[in-house]
Amino acid sequence: MSQLSDLSDPDLRALHERVREEHAAFVKRGLKLNMARGKPAPEQLDLSEALLRLPGEGEHAASDGTDVRNYGGLAGLPETRALFAQILDVDPRNVIVAGNSSLSMMHDHVVFALLKGVPDSPQPWGREPIKFLCPVPGYDRHFSVCEEHGIEMIPVPMDDEGPVMDEVERLVKEDASIKGMWCVPKYSNPTGVVYSPDVVRRLAAMETAAPDFRILWDNAYVVHHLTEERIELTNLVTACAEAGHPNRPLVFASTSKVTFAGGGLAAFTSSRANVDWFVARMSKRMIGPDKVNQLRHAKLLPDLDAVHRLMDAHREILAPKFRTVIETFTAKLSDPRVARWTEPKGGYFISLDLPPGCAKRCAELAKEAGIVMTPAGAAFPYKKDPEDRNLRIAPSFPSAGEVAQAAEGIAVSALVAATEKALADR
Ligand code: PMP
């Protein structure tokens, strides 16, 4: 397998000319494709269409007799708490189901902690400058929460096992102003990495200078498999309790990519102390969650088996789109090798690494060809990819045919950007 650097000057120039022509042909086609955000496709939303008829007229009592049409029940219905307890493998008594967005729960946690401090805090987090560790590449909206509220972000590199733990352990041990860490531990956004048992154990056990250090464990893709293998993630709540740090994990999940994105359910679990603390804060901002939506979800998804069946149907729609992107990249970008990409076993994204200095240019060329991508750098704190090499590909929303065209267009744009850079560097 050759590299661009192996090519002679004339061969590199010839390749550049050829891919420029291919790119120009793409531009002429006037395509309009969006590979920017991890949204479910309409056919995926159709899988939960029954929700629009549920719970049904006259069906308004939860299993404990709660009238879901009325106020109250801040922690959620017993059946939806039990469902998320199964999904997350935790005690249902420590699960809260509320609202339609796990991101808003994470955001609220951070804001409440800044204003009031968490159960182990000597003072509110906001009294002094604080920092969060951010494994990179990561989820841009996590980083936006920090940016919005003035929390300094420290990037931490990721490898195939999760965040590089020697670095994480060193940082949290010596700096008491590091109060938190963002993690997407399973089928990570955007790399697809699943944190290894050893990484989870070290996160749970590590010594932190801050007594009120928290791991924001965003398990957004907990049941979102792209292969028949259902990879298991080590349970952080149990690991932290066993390591003597029961209040360290803040675990979030939602059905945004199970049922309806923005019309689903969000859940939080942690230690009893953290759950009580969060419910106490929540009780000041709402009288009760949307329990009608919870009952409707409980009827559609009575147990974990029902969730797995639904996710299998999602997989049948999603997996071919991922395969198309990977096959196109393999055909176009392997020889000469101009990029590396992830082949995730779950989640919503493929992470594409180009030669340094090429990501922005590739996104710009893709845009000229009518393909909207997540902006280069988005997966890094302050939107700054120090090497300008990473792009996030979101193949879920466009149709299979559109994904095929977009993958070609992105590959051609990557080739133009990489050959352009290689020529300039000679
Ligand atoms: N976390 C991650 C890692 C995500 O990728 C997404 C959606 N793109 C969310 C959270 C948003 O979840 P929700 O709809 O529950 O707010």
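What follows is calculated from the coordinates using simple rules that are stated; it is not laboratory data. Treat the numbers as computed from the prediction; the structure is a model and nothing was measured. Backbone-built Cβ (ideal geometry, glycine too); neighbour counts: all protein chains shown.
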**Request:** Please identify the pairs in which a residue from the stretch 339-354 that is within 16 Å of the ligand (Cβ to nearest atom) has its Cβ atom under 8 Å from the Cβ atom of a residue that is basic (Lys, Arg) and not in a loop (DSSP other than H, G, I, E, B), counting only partners at least 6 apart or on another chain.
**Result:** 349/392; 350/392; 351/392
**Message:** Can you tell me which condition residue 12 does not meet? The list is (1) under 26 Å from residue 363 (Cβ atoms); (2) touching a residue at least 60 places away in the same chain (Cβ under 8 Å); (3) surrounded by fewer than 16 Cβ atoms within 10 Å (Cβ to Cβ), and all the others hold.
**Reply:** (3)
**Message:** Give all pairs with beta carbons closer than 8 Å in which a residue from the stretch 135-147 that is within 11 Å of the ligand (Cβ to nearest atom) meets a residue that is polar (S, T, N, Q); count only pairs at least 6 apart in sequence or on separate chains.
**Reply:** 138/188; 138/189; 139/189; 140/374
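Could you pull out the residue among 338, 325 that is at negative phi, touching a Leu at 6+ places or on another chain (Cβ under 7 Å) and β-branched (Val, Ile, Thr)? Step through it out loud before you land on a result.
Working: 325 fails: touching a Leu at 6+ places or on another chain (Cβ under 7 Å).
Just a single option satisfies the conditions, and that option is 338.
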**Prompt:** Just a yes or no: is a residue in the stretch 162-175 surrounded by 24 or more Cβ atoms within 10 Å (Cβ to Cβ), more than 17 Å from the chain's Cα centre (by Cα) and in a strand (DSSP E or B)?
**Reply:** no
**Prompt:** Which pairs have Cβ atoms under 7 Å, sit 6 or more apart or on different chains, and link a residue in the stretch 56-73 that is over 12 Å from residue 294 (Cβ atoms) to one that is charged (D, E, K, R)?
**Reply:** 61/67
